[in-house]
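Heads up: the structure comes next, in structure tokens.
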Amino acid sequence: MKDMLTIIYEALLQNSLINEKITAERIGYYVYGEDKDHTKTFMIIEPLGPPLPGVVGSDKELNVQHTFQIDVQGTDRKELKVIQKQVKAVMLSLGYGQLPEGLDEWLPDVKRYVDARRYRGLTKLYDTDY
């Protein structure tokens, strides 16, 4: 069985700028633990629901739709934008398009910026093992 979270994680780390700015241990699935270093830029990859049937034909699921939110948080607002531009390029290469929802805010309680973007994509035809 395939895991789209792992596929996205590995694709993001293959991007040299992302790998330089955010190391593997600073990318979390679903949440970024409270016990981790929040003073450096970090990323959260979060599914926004379970995989859904994409195209259906002859009573059979032919592909799968996934929706994810990718948050980049840190103290340098401009750096977050540079990283998110690279995230968008990686997600486009995986067949995901950006959705209009998301966040671009300063979080005063924790003194960090957050740039959260949502992406939706379909797997290739007959790629349904998720």
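Over the chain, what is the relative contact order in whole percent, taking alpha-carbon pairs under 8 Å and six or more residues apart?
Rounded, it is 25 percent for the chain.
Distance between the C-alpha centers of segment 1-47 and segment 54-130? Whole Å please.
Answer, in whole Å: 12.
Can you send over the solvent-accessible area of Ser16, 1.4 Å probe, protein chains only, in Å² to the nearest 10?
Here the accessible area works out near 90 Å².
Using just the C-alpha positions of segment 78-130 as equal point scatterers, what log10 of I(q)/I(0) does the Debye formula give at each q in 0.24, 0.30 1/Å?
-0.95, -1.17
Looking at Val31, Gln84, Ser58, which one has the Cα that reaches farthest to the positive end of the dipole of the chain (charges on Cβ: Lys, Arg +1; Asp, Glu -1)?
Gln84
Sorting Asp76, Asp35, Asp115 by accessible area (1.4 Å probe), largest first, what list results?
Solvent-accessible surface, decreasing: Asp35, Asp76, Asp115.
What are the aspartates and glutamates whose alpha-carbon lies under 13 Å from the alpha-carbon of Lys36, with same-chain residues fewer than 8 places away excluded?
Partners found: Glu25.
Work the Kirkwood hydrodynamic radius out for segment 64-108: mean of 1/r over every pair of different alpha-carbon atoms, inverted, in Å.
It works out to 11.8 Å.
In vacuum, with every alpha carbon of the chain counted as one equal point scatterer, what does the Debye formula give for log10 I(q)/I(0) at q = 0.12, 0.19, 0.21 Å⁻¹? Two decimals, please.
-0.47, -1.04, -1.23
Could you give the dipole magnitude of the chain about its Cα centre, charging the beta-carbon of Lys and Arg +1 and that of Asp and Glu -1, in debye to the nearest 20?
About 460 debye.
Helix 77-93: angle to the longest alpha-carbon principal axis of the chain, degrees 0 to 90, nearest 10?
Taking the Cα atoms of the chain, the angle to 77-93 is about 20 degrees.
Say R0 is 30 Å: what FRET efficiency, to the nearest 0.05, do Ala24 and Leu52 get from their beta-carbon distance?
0.55
Rounded to the nearest 10 Å², what accessible area does Tyr9 show when all protein chains are kept and the probe is 1.4 Å?
Approximately 50 Å² of Tyr9 is accessible to the 1.4 Å probe.
Would you mind calculating the gained length between Glu105 and Glu34 on full extension (0.36 nm times residue separation, minus the Cα-Cα distance), in nm to one decimal?
23.6 nm
Keeping all protein chains in place and using 1.4 angstrom, which order do Lys81, Lys2 fall into by accessible surface area, from largest down?
Ranking Lys81, Lys2 by accessible area, largest first, yields Lys2, Lys81.
Give me the net charge of Gln69's neighbourhood, meaning all other residues with Cβ under 9 Å from the Cβ of Gln69; Lys, Arg count +1, Asp, Glu -1.
-1
Using 13 Å as the cut-off for backbone N distance, which residues of segment 102-130 belong to the label zone defined by a point 7 Å from the Cα of Met1 along Cα→Cβ?
129-130
The values are calculated or read from the model by the stated rules, or taken from the named source; none is laboratory data. No experiment lies behind these values; they were computed from the predicted model shown. Note: ideal-geometry Cβ built from the backbone for every residue, glycine included; neighbour counts use all protein chains shown. Surface accessibility is based on the protein's heavy atoms, side chains included, excluding ligands, DNA and RNA. Shrake-Rupley method; radii C 1.70, N 1.55, O 1.52, S 1.80 Å.
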